[in-house]
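The values are calculated or read from the model by the stated rules, or taken from the named source; none is laboratory data. What you are looking at is a predicted structure, and each value in this text was computed from that prediction instead of being measured. Positions of Cβ are backbone-derived with ideal geometry, glycine not excepted, and every protein chain shown enters the neighbour counts.
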């Protein structure tokens, strides 16, 4: 856990953050989000309880003096007032408020069940703001094939392999960048992936992936490498960076006129999931494990894509705008 950003954190919060990172195995990024969410909450509590001067700017409110005595004064009503503050004063959308609710729930559950500093969890009944989930953007099968066909140049084997793994395995950007040569197991055609929270999963490689990896390994640089373990190497002989991968993907998306339409590296992950679900008829529970989702609910968004397509098809029917004429109609009466 980085020290500088948490200098202002009170001891009770530092202990919680340390627990989340060391015991629960949460990533540095996730732990930082917990801290920032809780810092905003305690700043609000101090402001609303008039524990700071009215002239103090919100971002200048320190939380270093927050202790268990203050935390024991927090009620469910105060938390709902805080959620309203986030919506009206901070203009936080439902997704952002939902994440802050999750941070609060985790923190108060820790205080109640893990370290027994609270006898009763005051926010156990706290509800999550409803978040309208937008259907993820993805490439069609035809667009995916066109994307792969555009790969060329001195790093063609590497770039093609990167796109192939994204489109077939549904990797996250961080997962692809973190791949080592030792993660590729040719004997049983599997790939070991280290996902969020350092959780490992194994995915099986299809013929396209195996072929792309083998072709890339024949041209992968071997001399003067700064990281010999890395699977994907940059022109500078280093492990390829997330920024470079994003550039590569954007470059080929521009080739098929999708670069400026909200498509990105993560959209290739959505594409893999959608193609597997719609064309491969992969069971949603299997898809959950392939993508490395913790909850089935996260994966279920892909089950709505077919319904959306059926709705779109209905709207595009040439008779979709035809309405019955007003007034009497000459319909022959049936006997």
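All but one of (1) at pLDDT 85 or above; (2) closer than 27 Å to residue 267 by Cα; (3) not assigned by TED's automatic domain parsing to the domain that holds residue 274 hold for residue 136; state the number of the condition that does not hold.
Residue 136 satisfies all of (1) at pLDDT 85 or above; (2) closer than 27 Å to residue 267 by Cα; (3) not assigned by TED's automatic domain parsing to the domain that holds residue 274 except (1).
Just one of the numbered conditions (1) under 30 Å from residue 170 (Cα atoms); (2) in the same structural domain as residue 33 (by TED's automatic domain parsing); (3) without any contact (Cβ under 8 Å) to a residue 60 or more places away in the chain is not true of residue 128; which one?
Condition not satisfied by residue 128: (2).
Of all residues in segment 193-216, count the ones that are more than 16 Å from residue 168 (Cβ to Cβ), in contact with a helix residue (DSSP H, G or I) (Cβ under 8 Å, 6 or more places away or on another chain) and not in a loop (DSSP other than H, G, I, E, B).
3
Out of the residues in segment 35-67 that are closer than 17 Å to residue 10 by Cα and more than 33 Å from the chain's Cα centre (by Cα), which is surrounded by the fewest Cβ atoms within 10 Å (Cβ to Cβ)?
65
Confirm whether residue 212 is buried (at least 17 other Cβ atoms within 10 Å of the Cβ), in contact with a strand residue (DSSP E or B) (Cβ under 8 Å, 6 or more places away or on another chain) and free of Cβ contacts under 8 Å to residues at least 60 places away in the same chain.
No.
Please go through segment 242-285 and give me each residue that is touching a helix residue (DSSP H, G or I) at 6+ places or on another chain (Cβ under 6 Å) and not in a helix (DSSP H, G or I), ordered by number.
Residues satisfying the conditions are 256, 259, 263, 282.
Being surrounded by 10 or more Cβ atoms within 10 Å (Cβ to Cβ), over 24 Å from residue 150 (Cα atoms) and at pLDDT 65 or above is true for just one of 302, 247. Which residue is that?
Criteria check complete, one pass: 302.
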